[in-house]
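See structure below.
The values are calculated or read from the model by the stated rules, or taken from the named source; none is laboratory data. In this text the structure is predicted, and so the values were computed from the model without any measurement. All Cβ positions, glycine included, derive from the backbone under ideal geometry; neighbour counts span all protein chains shown. Just the protein is used for accessible areas: all its heavy atoms, side chains included, with ligands, DNA and RNA removed. Shrake-Rupley method; radii C 1.70, N 1.55, O 1.52, S 1.80 Å.
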Amino acid sequence: MPVRIWRKPLDAEKAKPPCGEIHILKDLCKGCGYCIEFCPRDVLEKSEEINKRGVHPPRVADESRCVVCSFCTAVCPDFAIFVIEKPCEGGR
Amino acid sequence: MSEKDVSKAEAEEIRIGVYVCHCGLNIAGSVDCAEVAEFASTLPHVVLAKDLRYTCSDQGQEIIKQDIKEHRLNRVVVASCSPRLHEPTFRKVCEEAGLNKYLFEMANIREHCSWVHLYNRKAATEKAKDLVKMAVMRAALLQPAVESEVPIRPEALVIGGGVAGIQAALDLADTGYHVYLVEKEPSIGGRMAQIDKTFPTMDCSICILAPKMSDVGHHPNITLLTYSEILDVKGYIGNFKVKVLKKPRYVTSDCTACGECAKVCPMIAPNEFDVGLAIRHAIYTPFAQAVPSTYVIDRELCLNKEGVIVCDKCTKACERQAINFEMKPEEIELEVGTIIVAIGADVFDPSIIPQYGYGRYPNVITSLEFERLINAGGPSGGKLLRPSDMQIPKTVAFVQCVGSRSEKTGKPYCSNVCCMNTIKDALLIKEHWPETQIYVFYVDIRAFGKGFEDLYRRARKEGVIFIRGLPAEIVEDKQTRDLWLIGENTLQKKLYRIRVGMVILSVGLEPRKETDLIQRLLTLSRSKDGFFMEAHPKLRPVDAATGGIFFAGCAESPKDIKDSVTQASAAAARAGILMAKGKVTVEALTPIWIPEKCQACGLCVKVCPYNAIKLDKERKKIEIIEAACAGCGTCGAECPFGALVMRHFTDEQIIAQIDAATEVDADKKIIAFCCNWCSYAGADFAGVSRIQYPENVRIIRTMCSGRVAPKFVERAFARGAAAVLVSGCHLGDCHYINANYQTKKRVERLWKKMEKAGLNKERLQLVWVSAAEGEKFAAKIREMQPIVESVTPEEIEKAKEVFQKALEL
Ligand SMILES: Cc1cc2nc3c(=O)[nH]c(=O)nc-3n(C[C@H](O)[C@H](O)[C@H](O)COP(=O)(O)OP(=O)(O)OC[C@H]3O[C@@H](n4cnc5c(N)ncnc54)[C@H](O)[C@@H]3O)c2cc1C
Ligand code: SF4
Ligand code: SF4
Ligand code: SF4
Ligand code: SF4
């Protein structure tokens, strides 16, 4: 059996991934779903709600997983989503 | 008759010279050598028979040489000691007289006769005659043979870049050979790079290792392949073809290791190098002194999955533009002549011992974690911190033999380094925090090496308390996270209950999990403990049983750095000898394939322990790779169609011995088949130890018990033998990796057959005898005596009938 890794690293507090605050401009979304599909951390999901353009905009499923890569912003054709880095708190 | 015809006829006429040796009184003391020589002269093809006082002496050798020339001898039989001792001597004598060395045969009348039958001169003399007869009958069928030569490619592969692999690679490269060093991790260094100081000198480990690592990186004769795996190995000594998978690092060699990329990478995970005590990023280098220093991207962790570039933080941060997500895995083919296996050792995972609480109690750590904590470059900056509260503990306990010397954990062996490692660790703590109270719970302290005892004494002088008796249990105080060790002090026969702030489990070493794969790819053997097994524990300690492969470091058994390095240099020298010679001769013991008889059934392919036979089903062909064949003869015994003739151990030759041994009084005899390496040597050892046993056994030597075809056993019974003994190396210890499993299978089949035919299956015995088990061999013969005595004439007749077919061969 090789070495088992199980502990929380001692410096885990010091080097945390950045935390993001996600802003979705629901009515700009045209429902292409790119952000949901391409988010590498599975932060977003489709919502039930119907917006002004008659489609389901994304909603945040788990903001704590976001690492502010901003790819959602980059892929969104209609500038409907952006992320700003915020101070991390609590769990992470 | 023309002159040519005469010479041809003469060449074909078999002329045997027999020399019966007195060996002073060693043989002559209990065997009438003159009588044996007299008897030998009456045997077919024997043109002269002499008894000599010391046949191996210069005078003895001269006599043989002269006789070969004068009497045109074309076969020589010496009846003296074990062929394991003097066969090479007499073979040389023959060659010097112009006779092919494969035309020489020995009868072992010392170890197997005079020494084990000291008190019955008559019976010993009769047995000696039988042994000479068997040798003469076999000699008549011997064939000259030329040994083939295999070229050795002057390039080497070293698998594993720990200190052992590093040393072996450097030694070979410095000698002038090109070396490929393959390491699975992103950096070379192995365990030694992880540890802080080294016992017994207390040198800084990485300080002495790093220069060697960088030498490897810069050596013109070394091709370093890190982050690479061995996929496949084909071929044999001198000509191995190796497939290596070089995994993409996604960072090119333009990287200057500035670390800017890691600073911006959002993804983190525990760093394996730090045993998870520190974090690393998705783009990382395992440690500061890594060689190569080029960073690597962990694609499992990186946000960028196959085909989608989501994150470009590192790419942007890298001024040298060294990051390249387009890199693909590469398959590299190497051709090398020799291989050194240096894959090192893993450490034991103590969470399988629930009483110690590892994995549940944060302040119970392993000795490997300790190394990272006490290391100034480690996650705590060299402070021994309790993971629970990041405080330096005031009391510390070491628990020894965790995963060593215990049947319960399946690790009965001693891991060799842990005692000294603990003493080193204790002294390190004392150096930094002299007030710390330190307990060491042990079974025995093994301070056997140079400078070890001094270190042990120093530790005691500095107040480290050694308590004999491992704790039965470790219990955590939920509030303080302190730990109670509860057990018995076996010296004072008193129970102890001691409270400490931190427990360090001194974990043992165990085979790397990759050992299975490497074993399979290189057809290696392993000892009971799971580490690789050397060809001979004393005399060939770094050779594998498979030609051209050598071991270095902990891959072979747990050992410290000094021993690993010593072994690495030895392995490099051994590999270097082969490559310097540029060729090896293969003993002419390999099979000859008879295409007309072969049915391409492939049975031989399945039993060959060395994968030396290839089957071409379509063309109904097999191919024997001589250089890979070790000459065990297992294939020859397996082939149902007689399509494989084992050179120097042909069916006819072995049958001639069986027939000679069973000519008179077969019903009182045991025909024994012994393998050269273990059981024959064991019988030799019985002789050397003068262990006495009944005279009725006649030993036939084969290289491996795997050569013993069922038809040989059947033939012995068909000729009226009372009993047959098949013996070989212990299972798992076979000189030919695992050929003796075939022996076991065949004997079991014969037992079934005998049972079915209503024969007493006790008449066929199987025993595993090591070279050291003279008494075991003798005991077996003694044990078989009542079986031999109780066999009735009817039973002998019945067996003759049942196995009648075996006479047709
Ligand atoms: C906690 C601890 C403390 C120690 N302290 C000391 C000490 O103070 N003094 C001392 O003398 N010794 C000490 N030792 C022992 C020392 O670490 C070993 O003697 C030494 O590391 C053995 O070197 P190695 O090259 O044989 O194996 P390793 O160091 O284990 O290196 C083997 C290398 O092979 C690589 N590898 C494995 N499998 C493959 C594969 N399939 N393909 C390619 N590469 C592979 C591994 O990644 C590794 O880099 C200590 C050991 C431990 C565990
Ligand atoms: S910033 Fe990256 S991780 Fe966060 S939601 Fe957008 S795509 Fe997902
Ligand atoms: S692409 Fe982003 S996540 Fe991946 S290694 Fe570079 S910085 Fe880290
Ligand atoms: S079974 Fe033994 S003798 Fe036959 S080819 Fe393989 S190694 Fe050689
Ligand atoms: S066992 Fe005999 S017949 Fe079968 S493939 Fe091998 S050599 Fe041919």
Checklist outcome for this item: The correct count of residues that are closer than 11 Å to A:Phe71 by Cβ and either charged (D, E, K, R) or within 16 Å of ligand 1 (Cβ to nearest atom) (or both) in the stretch A:23-39 is 1
Next on the checklist: Looking at (1) within 16 Å of ligand 5 (Cβ to nearest atom); (2) buried (at least 17 other Cβ atoms within 10 Å of the Cβ), which one does B:Ile594 not meet, given that it meets all the others?
Outcome noted: (2)
Item to check | Selection from the stretch B:280-292 of residues that are away from ligand 1 (no atom under 16 Å from the Cβ) and surrounded by fewer than 22 Cβ atoms within 10 Å (Cβ to Cβ) | outcome: B:Ala288
Checklist outcome for this item: Taking the stretch B:597-638 and the residues there that are free of Cβ contacts under 8 Å to residues at least 40 places away in the same chain, hydrophobic (A, V, I, L, M, F, W, C) and part of a loop (DSSP other than H, G, I, E, B), the one that is surrounded by the most Cβ atoms within 10 Å (Cβ to Cβ) would be B:Cys608
Item to check | Evaluation of B:Leu495 against (1) loosely packed, with under 15 Cβ neighbours inside 10 Å; (2) of a type in the set (A, V, I, L, M); (3) out of contact with any strand residue (DSSP E or B) (no Cβ under 6 Å at 6 or more places or on another chain) (one fails), failing number | outcome: (3)
Checklist entry - Counting just the residues of the stretch B:115-167 that are in contact with a helix residue (DSSP H, G or I) (Cβ under 6 Å, 6 or more places away or on another chain) and small (Gly, Ala, Ser), which one comes out farthest from B:Cys81 (Cα to Cα)? => result B:Gly162
Next on the checklist: Restricting to the stretch B:741-773, count the residues that are assigned to a helix (DSSP H, G or I) and either at pLDDT below 95 or aliphatic (A, V, I, L, M) (or both).
Outcome noted: 3
Checklist entry - Within the stretch A:24-55, which residues are touching a strand residue (DSSP E or B) at 6+ places or on another chain (Cβ under 6 Å), of a type outside the set (A, V, I, L, M) and within 14 Å of chain B (Cβ to nearest Cβ)? => result A:Cys35
Checklist outcome for this item: By my count, strands (runs of 3 or more DSSP E) wholly in the stretch B:318-389 with at least 2 residues that are open to solvent by 30 Å² or more (accessible area, probe 1.4 Å) are B:330-336
Next on the checklist: Need a quick list: strands (runs of 3 or more DSSP E) entirely within the stretch B:153-245 having at least 1 residues that are open to solvent by 10 Å² or more (accessible area, probe 1.4 Å) and at positive phi.
Outcome noted: B:228-236
Checklist outcome for this item: In the stretch B:263-305, residues that are within 10 Å of chain A (Cβ to nearest Cβ) and part of a strand (DSSP E or B) total 6
Next on the checklist: What's the total number of residues in the stretch B:48-92 that are aromatic (Phe, Trp, Tyr) and open to solvent by 10 Å² or more (accessible area, probe 1.4 Å)?
Outcome noted: 1
Checklist outcome for this item: Within the stretch B:493-530, residues more than 18 Å from B:Lys234 (Cα to Cα) and either among the small types (Gly, Ala, Ser) or touching a Cys at 6+ places or on another chain (Cβ under 8 Å) (or both) come out as B:Gly501, B:Ser506, B:Val507, B:Gly508, B:Leu509, B:Ser527, B:Gly530
Checklist outcome for this item: Scanning the stretch B:506-560 for residues that are closer than 28 Å to B:Pro200 by Cα, within 14 Å of chain A (Cβ to nearest Cβ) and outside any strand (DSSP E or B) gives B:Gly508, B:Arg512, B:Gly530, B:Cys554
Checklist entry - Can B:Pro393 be described as assigned to a loop (DSSP other than H, G, I, E, B), at negative phi and modelled with pLDDT of 95 or more? => result yes
Item to check | Residue list for the stretch B:216-236, restricted to those being under 20 Å from B:Ile343 (Cα atoms) and touching a helix residue (DSSP H, G or I) at 6+ places or on another chain (Cβ under 8 Å) | outcome: B:Val216, B:Ile222, B:Leu224, B:Ile230, B:Asp232, B:Val233
Checklist entry - For residues in the stretch B:246-262 being open to solvent by less than 50 Å² (accessible area, probe 1.4 Å) and in contact (Cβ under 8 Å) with a residue 40 or more places away in the chain, which is farthest from the other protein chains (Cβ to nearest Cβ)? => result B:Thr252
Checklist outcome for this item: Filtering helices (runs of 4 or more DSSP H) wholly in the stretch B:644-739 for at least 2 residues that are within 21 Å of B:Leu118 (Cα to Cα) and more than 16 Å from ligand 1 (Cβ to nearest atom) gives B:679-688
Next on the checklist: For the stretch B:503-542, give me each residue that is open to solvent by 50 Å² or more (accessible area, probe 1.4 Å) and more than 12 Å from ligand 1 (Cβ to nearest atom).
Outcome noted: B:Arg526, B:Lys528, B:Asp529, B:His536, B:Pro537, B:Lys538, B:Leu539, B:Arg540, B:Pro541
Checklist entry - Which residue pairs have Cβ atoms closer than 6 Å, lie 6 or more positions apart in sequence or on different chains, and pair a first residue in the stretch B:368-395 that is within 11 Å of chain A (Cβ to nearest Cβ) with a second residue that is buried (at least 22 other Cβ atoms within 10 Å of the Cβ) and among the β-branched types (Val, Ile, Thr)? => result B:Leu368/B:Val275; B:Leu368/B:Val347; B:Glu369/B:Val275; B:Arg372/B:Val275
Next on the checklist: I want to confirm something. Restricting to the stretch B:394-447 and keeping residues that are of a type in the set (A, V, I, L, M, F, W, C) and farther than 17 Å from B:Ile365 by Cα, which single residue is surrounded by the most Cβ atoms within 10 Å (Cβ to Cβ)?
Outcome noted: B:Val417
